[in-house]
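What follows is one structure encoded as structure tokens, with my remarks underneath.
The values are calculated or read from the model by the stated rules, or taken from the named source; none is laboratory data. Since the structure is predicted, the reported quantities are computational estimates derived from the model, not experimental observations. For neighbour counting, all protein chains shown are included, and Cβ atoms are generated from backbone atoms with ideal geometry for every residue, glycine included.
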Amino acid sequence: MSAMLVVPAGMVGHLRDGLQAELGSAGADIEQVTAKAGRERRPESYREPLERLDGARALLDVIGWSATDPPVEVQVDLREHRRALTTAFEVALLVAAQDLEEADAVDAERAKRGEAPKRDATAVCALVLRQFVSAVEAQIGRLGASAEEGVA
């Protein structure tokens, strides 16, 4: 089972946006630890948010920090970047769900002006993202199963 994941060009932007959000979230968590009294006696409190920050940063180094024109597909090693990848796509799915909700509100205004609805295109984008994330999860599952078989 290959540990390399090909992220299609159309999915890289979602991944990048999710990783950037994860950087902010990890940074906020680091800030919370920093604000706590006794932090110097509990340096392990920094471990988890620093790991998340490092993971997001490392995957951004692989896929590129900014968009390319035209977008290009990237290859990601699932063994090395699984956690950052899954977290970033969880964020991307949340954003897609919010986009669908916003599209409903926008479509009401667009209908008044006789314009085409936005929800249809947004729903297709969200569906494609969900399908890709499901395929990634399946590949991760197969990779985990083959790793367990190698240990047995």
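Scoring Ala97 on the criteria (1) assigned to a helix (DSSP H, G or I); (2) at pLDDT 95 or above; (3) of a type in the set (Gly, Ala, Ser) leaves a single failure, condition (2). The residues listed here are Ala88, Ala135, Ala84, Ala126; of these, the one that is surrounded by 15 or more Cβ atoms within 10 Å (Cβ to Cβ), without any contact (Cβ under 8 Å) to a residue 40 or more places away in the chain, under 27 Å from Ala26 (Cβ atoms) and of a type outside the set (Phe, Trp, Tyr) is Ala126.
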